[in-house]
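Novice: Sending over a structure as structure tokens; questions will come in a sec.
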Amino acid sequence: MKNKLSMVSVVAVAATFLTTPSAQAAVAVEDLGTLPGHQLSIATDINEFGTVTGVSMSSDGRSANAVRWDRYSPVSKLDDLGFGSWATAVNGASNVVGYVADSTNRARAARWDDRGRLTVLTVPGADSSVAWDINDDRTVVGDATINGVSHAVVWDRDGVAFVVGEGRASHVTSDDTVIGYSRTAPARWTNAGQGSLYVYDNAGAQLHGHNQAADAVGRVGDEGVLWPGRRRVSLGVGAFPRDISDNGFAVGTSGTRAVRWTVTEPPTAVPLAPSPSVAAAINNAGVVAGTAGSWAVTWDAAGVQTALPVLAGSTSSVVTGLAESGQIIGRAGFAGGVYRAVVWR
């Protein structure tokens, strides 16, 4: 399933591989670049048509702007209020969401149309807000701080806000099921947050991935967990699932090895690579994307590993998202801590 990179997930995988990758996949790598004057960029999401969204930044972090890379077009800056911005997700119509900073340096949830024009998504009484996801019906989900407390919020296609309750809304499926946290417990709501509430697990459990059926994966303490339907399936201590497909597979790590699990009870774990490796995302074709050592790789449904092409001069690469179409977004690292967004297709 398509995975998105949150704004706190910009640190590269720290493992060191003994050699550079030798075999390469039958795809090309594209350097998505940065805005003029910037040195860093990250890709946070990709839609099925190859439009990528993310952030371009200066090396000192003082300047950050939401951007979009349309296929066959250079990077374009999305409108803001003049004080910086961040993009978190893109839908099939190339509508982007995220936030813009205001003159008081507070985040305001934002939506951009396919031409990059800005709509600030308001929440009555909120001190700050962030939009995290958008579906093809233009339902947007996020969170807003109201009286110092985080609240899950849903905005309809017209930008009208509905405050779900204390917590955070992180994802929205194609049928308007909202996934996030009710207070501090992982949960989902039907009908764009206005329907029934189902709590996946106890307060403090962490969500790390979901599919279109609102099945989810995450962790409870140091134990990996699957939440298919209304069940809880343990993956054991040391497991860290990161994504789940619509057709019965989850991926992540067990200890420091990339693993694919069947979503059954009991689950079956299939190691994909020796340590250190990470399986970050899976789509419904059974393609898994992740890293082996310091380099981005894929595994096919049979578990055969293929190294993804690398940019000249890069010292590492990491996957940050995978589309159902097989396109992959990620980040290439260079000497001196420099990194740039890339796409493989």
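Every number here is computed from the coordinates shown, using simple stated rules; none is lab data. Here the structure is a predicted model, which means the values were calculated and not measured. When we count neighbours, we look across all protein chains shown, and the Cβ atoms used for this are built from the backbone with ideal geometry, even at glycine.
Novice: Counting other C-beta atoms within 10 Å, which of Thr268, Thr190, Thr253 has the fewest, and how do the rest follow?
Specialist: Fewest-to-most Cβ neighbours within 10 Å comes out as Thr268, Thr190, Thr253.
Novice: Quote the FRET efficiency, to the nearest 0.05, computed for Asn284 versus Val220 with a Förster distance R0 of 30 Å and r equal to the Cβ-Cβ distance.
Specialist: So the FRET efficiency works out to roughly 0.65.
Novice: Got a sec? How would Phe240, Phe83 order by Cβ neighbour count within 10 Å, fewest to most?
Specialist: Phe83, Phe240
Novice: List the equivalent ellipsoid semi-axes of the chain in whole Å, largest first, each obtained as the square root of 5λ for an eigenvalue λ of the Cα gyration tensor.
Specialist: Those come to 29, 26, 17 Å.
Novice: So, one more: Pick from Gly195, Gly204, Gly148 the residue whose mean-square fluctuation is largest in a GNM of the chain, springs joining Cα atoms under 10 Å.
Specialist: Maximum fluctuation in the GNM of the chain, among the listed residues, is at Gly148.
Novice: Next question, about the same structure. Please work out the Cα center distance from the range 148-168 to the range 95-136, rounded to the nearest Å.
Specialist: After rounding, the separation between the Cα centres reads 12 Å.
Novice: Check Gly98: other-chain or 5+ apart residues with amide H under 5 Å from its amide H, H built from backbone geometry?
Specialist: Result for Gly98 returns Thr88, Ala110, Ala131.
Novice: Under the 0.36 nm per residue contour assumption, what length would be gained going from the current alpha-carbon distance of Arg231 and Thr190 to full extension?
Specialist: 13.0 nm
Novice: Taking other Cβ within 10 Å of each residue's Cβ, how do Val343, Val310 sort, fewest first?
Specialist: The order, fewest Cβ neighbours first, is Val310, Val343.
Novice: Cα centroids of the range 30-91 and the range 269-345: how far apart, whole angstrom?
Specialist: 20
Novice: For Asp136 and Ala302, what is the calculated FRET efficiency with R₀ set at 51 Å and r taken between the beta-carbons, to the nearest 0.05?
Specialist: Efficiency, from the Cβ-Cβ distance: 0.95.
Novice: Let me ask something else. Once you list every other residue whose beta carbon is under 14 Å from the beta carbon of Gly290, what net charge do they have if Lys and Arg are +1 and Asp and Glu are -1?
Specialist: Here the count lands on +2.
Novice: Rounded to the nearest 0.05, what FRET efficiency do Leu311 and Lys77 give with R0 = 22 Å and r taken as the Cβ-Cβ distance? Could you check?
Specialist: 0.45
Novice: What net charge do the residues around Ala273 carry, taking every other residue with its C-beta under 14 Å from that of Ala273, with Lys and Arg at +1 and Asp and Glu at -1?
Specialist: Net charge around Ala273: +1.
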